[in-house]
Structure formats: C-alpha cells, structure tokens
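Just dropping this structure here.
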Amino acid sequence: MKFGIIKERKNPPDRRVVLSPQACKKVNTTYPQAQVLVEPSDIRVYKDSEYTDNNVTVTQEMQNCDVLIGVKEVPIDALIPNKKYFFFSHTIKKQPYNRNLLKAILDKNIEFYDHEVIVSTKKTRLVAFGRYAGIVGAYNGFRAYGLKYGTFALPKAETLKDQAALISELKKIKLPNIKILLTGKGRVGNGAKEMLDGMGLEQVSLKEYLKNDFNIPVYCQIDVLDYNTRKDGERSNKQEFFTDPSEYKSNFFRFAKVTDFYIAGHFYGDGAPYLFTREDAKQPDFKIKVVADVSCDINGPVASTIKASTIADPVYGYNPNTEQETDYKDPNAIAVMAVDNLPCELPRDASVGFGESFIKHVIPAFFNNDKDGVLERARMTKDGKLTDRFSYLQDYVDGTD
C-alpha cells in the first residue's frame, strides 16, 4: 500500500505536515507492505532533502498512491478521483464555505476520512493539534499582555524554533503580581499549562485564587464544573453536563472579578452556558483585561471574541461598552488574542506530535483489518455517497439545509 504525503495548497500557506521525515521512515520500516511517498513542497517545514536523507522517496507521482494524506483542505481542482484521502475538511458542522468541497469529494468518488472524526469508541479524538494550540496560545497571550501594557516585547512564536525556545523567551519576562486563569483540562488546556509551568509560574488552588492576594504572579487551572453550576442548586455531574448542559448556568463571573489575564483552553459544547456575556463584561467589577482565546468560538462563550485574529495581526481590542473593536492599548479595552490556526506557528513540533498519534492509531488500521473500527468511524464518504454516520450532511451537500 502506498501512502502519499501531499503538498499543502491552501492559502495562507500551512507549513505543517502529517508525517515528518522520521515518521515516514518509521512507517516504511515497521510495515514492509507499506511505502510512504512525499510530494515535493517549497513551503513545508521539512525540506524535501530531509525526506530523501531518510530514504523516503520524493516524487510528483501522487496518482500512483492508494492513500493521500494532507493537513488542510485540498483545493477541488487538485483532488485526484477514486483515491482515499485524509485531511481536515471543515465540513462536519456544515460550514457553508466548504459545501462545494464535500460535494466534489462525492462527485470524484473519493473515500474520505476527516482527521477531526478519527475517534475512539468513546468518541475522544485520537489525532489532533490541540496541545500545540494551547502551547502557542498561552505564549501569544503573554505576548499580547506585554503589547497592551508596553511592559515587555516577546518575539512572534512563528520566528522561534520549538516549544523550548518559546519557554526560554517567557522566562525572560518580568510580570507584575497578576492573577492568570486557565479554563480547560484537555489537550488544549494542558498544552497551555505546560507553558505556565515551564516559565515557573506558581499554581494555586481555586479557593486561594478567589480569596487571596499574592505578591507574585500566579495561575489557577479550572475545569467545567468549576465555572458552571446546576440551576436548581443540586449536585453537579460532569457527564450529565456534557450530555445535557441546559440544566446548568455559568458562575464564571466570580473568577472575572479577580482575574487579570484569562486563557480560554476549554471545549465548548452546543447548548452550554456562555462563560461571560457582553453584559457581564460591562460590569464595573469585571477585571479581565487580556484574553487569549485558544478555543476561538466567534460571538460565543467568551464575549470579547468578536472575530478571529491572524498570525500576521494577532491582537485586537474589545470595548465592553460599545461591544465593538477598538485599539487594544485603550485602558478600557480588553486585549484579545484569538488566532484560529495557532499550531501553524509551531509547525515542526506540531507535525511531530500529530504524526506520532497518526502512526499509533491510524496506520495500523490499514494492516490489521481495522480491528478497532478507527477507519470505519472516520470514513465520511464511500462509493460516491455519505456513510451512514455522516448521512446528516446530505441536505448540506444538496444545498437544502
């Protein structure tokens, strides 16, 4: 079986790749019946020569491969009919801008697997860039803090080699005695925590964070039941919250009253309460002045996130009173970092981490008759039709939803 690592063709360019040179070499040596071929690319974080140095073939002949693997959406005119493809399609939530892409995948009889739905039997993601979003998001949040107050200047993450280099820069800065709040204990939240711990910040408990003042900068990491509570006052249950969040309300405001810098690394589910609303942000005792919204849900649970920002222009200001964008240096403004493609700024580390998961969970499925059902669960299309699991997208494909 031939696996092809395709060139990324979406703009703006994405330098990440699913399999690094070492990962390709590992597949080739672990599975004698497998061969990984790599399409030449002048934008990929790894040079073509790094693949050939690892005895991986670099060739234009992607049409000879059985499975084609990329990161971002493949332009419609670059799709090769009758192949198996893996990439992030951004279609499973019926995103309007990619309807024609999914339609083309069906028209070209492509068997398509979306990275986003490569999940375990318990529906947890098996391959993801979330940890790296948290790593870069935390770093960018501190950079936004320095820019807002003019207290220090951090280089852009994309100019640094790896996570160790980011931490090295963070260790150089001098923070005032601020309180930093981190929501989320999944891949994203824990990726951000790696940075806070790496730079030597002290972690405090929820009770200490809410009640005490400190003479050093501190942080507190909280989970979903720390900032949501049942409306009826009964005992909260995490599984119940994820199943039916309608019985819950946010009690995040108690944190907003004592927080200077907030890192949003949580997962937000449909129907869950907003963490803080635009009305909350108007209150005199709402203290947050810098938000690093790694989750980046626009006009959603973090009211100050009114748009995504970009790697080129990562910080904007939110005026709580007008609910409009403003200069982030304005004393009344909340400085918002809401870059929606953060792992792109750490392409080498992100590619290595993603590839390790892909080799662990996906590649074996092609050679063990998919005994764990990984491919079956992730297969969105086959024989020109949506699979049963994704049949809910038919009206989206037809343009009738």
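The values are calculated or read from the model by the stated rules, or taken from the named source; none is laboratory data. Every value quoted in this text rests on a predicted model; they were computed, and no experiment measured them. FYI the Cβ positions are ideal-geometry reconstructions off the backbone, even for glycines, and counts take in every protein chain you see. Surface accessibility is based on the protein's heavy atoms, side chains included, excluding ligands, DNA and RNA. Shrake-Rupley method; radii C 1.70, N 1.55, O 1.52, S 1.80 Å.
Could you check, for segment 329-336, whether at least one of its residues is under 21 Å from VAL188 (Cβ atoms) and either out of contact with any strand residue (DSSP E or B) (no Cβ under 9 Å at 6 or more places or on another chain) or assigned to a loop (DSSP other than H, G, I, E, B) (or both)? Outline the logic, then answer.
The initial filter retains those residues of segment 329-336 that are under 21 Å from VAL188 (Cβ atoms), namely 334-336.
Those still in the list that are either out of contact with any strand residue (DSSP E or B) (no Cβ under 9 Å at 6 or more places or on another chain) or assigned to a loop (DSSP other than H, G, I, E, B) (or both) too: none.
Checking segment 329-336: not a single residue is under 21 Å from VAL188 (Cβ atoms) and either out of contact with any strand residue (DSSP E or B) (no Cβ under 9 Å at 6 or more places or on another chain) or assigned to a loop (DSSP other than H, G, I, E, B) (or both).
Let me ask you something else. When segment 251-267 is examined, which residues are found to be within 26 Å of ILE135 (Cα to Cα) and polar (S, T, N, Q)?
THR259
Looking at (1) among the small types (Gly, Ala, Ser); (2) touching a helix residue (DSSP H, G or I) at 6+ places or on another chain (Cβ under 6 Å); (3) at positive phi, find the lone condition where GLY137 falls short.
Answer for GLY137: the failing condition is (3).
Can you spot a residue in segment 375-393 that is among the polar types (S, T, N, Q), farther than 30 Å from LYS257 by Cα and modelled with pLDDT under 95? Let's see the steps before the verdict.
Of segment 375-393, the ones among the polar types (S, T, N, Q) are 381, 387, 391.
In the following step, the residues that additionally are farther than 30 Å from LYS257 by Cα were identified as 381, 387, 391.
From the residues that got through so far, the ones that are modelled with pLDDT under 95 too are none.
Within segment 375-393, none of the residues are among the polar types (S, T, N, Q), farther than 30 Å from LYS257 by Cα and modelled with pLDDT under 95.
Something else now. Of these, VAL17, VAL27, VAL36, which one is more than 14 Å from TYR85 (Cβ to Cβ) and either more than 27 Å from the chain's Cα centre (by Cα) or part of a strand (DSSP E or B) (or both)? Break it down stepwise before answering.
Working: VAL17 fails: either more than 27 Å from the chain's Cα centre (by Cα) or part of a strand (DSSP E or B) (or both); VAL27 fails: either more than 27 Å from the chain's Cα centre (by Cα) or part of a strand (DSSP E or B) (or both).
Only one candidate qualifies: VAL36.
Still on this model: Show me the helices (runs of 4 or more DSSP H) entirely contained within segment 186-302 in which 2 or more residues are open to solvent by 20 Å² or more (accessible area, probe 1.4 Å) and modelled with pLDDT under 95. Before the answer, list the steps.
Numbers: elements: 187-198, 206-211, 238-243, 253-256, 278-282.
In segment 186-302, the matching helices (runs of 4 or more DSSP H) lie at 238-243.
Still on this structure, please answer the following. Answer yes or no: is there a residue in segment 384-391 that is open to solvent by less than 50 Å² (accessible area, probe 1.4 Å) and on the phi > 0 side of the Ramachandran plot.
First pass over segment 384-391, keeping only residues open to solvent by less than 50 Å² (accessible area, probe 1.4 Å): 384, 386-387, 390.
Then drop every residue that is not on the phi > 0 side of the Ramachandran plot, which leaves 384.
Within segment 384-391, one or more residues are open to solvent by less than 50 Å² (accessible area, probe 1.4 Å) and on the phi > 0 side of the Ramachandran plot.
Could we say that LYS307 is more than 22 Å from the chain's Cα centre (by Cα) and under 30 Å from THR159 (Cα atoms) here? Walk me through it before giving the result.
Values: more than 22 Å from the chain's Cα centre (by Cα): no; under 30 Å from THR159 (Cα atoms): yes.
Answer is no for this residue.
Go over the candidates ARG9, ARG44 one by one and state the one that is without any contact (Cβ under 8 Å) to a residue 60 or more places away in the chain, part of a loop (DSSP other than H, G, I, E, B) and open to solvent by 10 Å² or more (accessible area, probe 1.4 Å).
Answer to the check: ARG44.
Conditions tested, residue by residue: (1) buried (at least 23 other Cβ atoms within 10 Å of the Cβ); (2) among the basic types (Lys, Arg); (3) without any contact (Cβ under 8 Å) to a residue 12 or more places away in the chain.
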site: SER304; (1), (2), (3): yes, no, no
site: SER309; (1), (2), (3): no, no, no
site: ASP313; (1), (2), (3): no, no, yes
site: ALA335; (1), (2), (3): yes, no, no
site: VAL352; (1), (2), (3): no, no, no
site: HIS361; (1), (2), (3): no, no, no
site: ASN368; (1), (2), (3): no, no, yes
site: GLY373; (1), (2), (3): no, no, no
site: ALA378; (1), (2), (3): yes, no, no
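Next question. Sort through VAL71, VAL58, VAL119 and tell me the only one that's open to solvent by 20 Å² or more (accessible area, probe 1.4 Å) and in contact with an Asp or Glu (Cβ under 7 Å, 6 or more places away or on another chain).
On the way: VAL71 fails: open to solvent by 20 Å² or more (accessible area, probe 1.4 Å); VAL119 fails: in contact with an Asp or Glu (Cβ under 7 Å, 6 or more places away or on another chain).
Criteria check complete, one pass: VAL58.
LYS122 is checked against (1) at pLDDT below 95; (2) in a helix (DSSP H, G or I); (3) charged (D, E, K, R) and fails just one. What number does that condition carry?
(2)
Answer yes if at least one residue in segment 162-169 is among the small types (Gly, Ala, Ser) and in contact (Cβ under 8 Å) with a residue 12 or more places away in the chain, and no otherwise. Spell out the reasoning first.
Going through segment 162-169, the residues among the small types (Gly, Ala, Ser) turn out to be 164-165, 168.
Right, trim to in contact (Cβ under 8 Å) with a residue 12 or more places away in the chain and you get none.
For segment 162-169, residues among the small types (Gly, Ala, Ser) and in contact (Cβ under 8 Å) with a residue 12 or more places away in the chain: absent.
Right, TYR149: modelled with pLDDT of 95 or more, out of contact with any Lys or Arg (no Cβ under 6 Å at 6 or more places or on another chain) and open to solvent by less than 10 Å² (accessible area, probe 1.4 Å) or not?
Working: modelled with pLDDT of 95 or more: yes; out of contact with any Lys or Arg (no Cβ under 6 Å at 6 or more places or on another chain): yes; open to solvent by less than 10 Å² (accessible area, probe 1.4 Å): no.
The answer is no for TYR149.
Consider segment 52-65. How many of its residues are in contact with a helix residue (DSSP H, G or I) (Cβ under 8 Å, 6 or more places away or on another chain), touching a residue at least 24 places away in the same chain (Cβ under 8 Å) and under 15 Å from LYS2 (Cβ atoms)?
Of the residues in segment 52-65, 1 are in contact with a helix residue (DSSP H, G or I) (Cβ under 8 Å, 6 or more places away or on another chain), touching a residue at least 24 places away in the same chain (Cβ under 8 Å) and under 15 Å from LYS2 (Cβ atoms).
To continue, here is another question. Among the residues of segment 364-399, count how many are charged (D, E, K, R), farther than 18 Å from MET1 by Cβ and in a helix (DSSP H, G or I).
5
For segment 74-101, name all the residues that are open to solvent by less than 60 Å² (accessible area, probe 1.4 Å), assigned to a helix (DSSP H, G or I) and more than 22 Å from ARG389 (Cβ to Cβ).
The answer is ALA78, and nothing else.
What are the pairs with Cβ atoms under 9 angstrom where one residue, in segment 89-100, is farther than 22 Å from ILE69 by Cβ and the other, located anywhere, is in a loop (DSSP other than H, G, I, E, B) and at pLDDT 95 or above? Sequence gap at least six, or different chains.
If the second residue must be in a loop (DSSP other than H, G, I, E, B) and at pLDDT 95 or above, the pairs left are ARG99/THR91.
Does segment 2-32 hold any residues that are farther than 21 Å from PRO75 by Cβ and at pLDDT below 95, and which are they?
Scanning segment 2-32 gives a single hit, PRO32.
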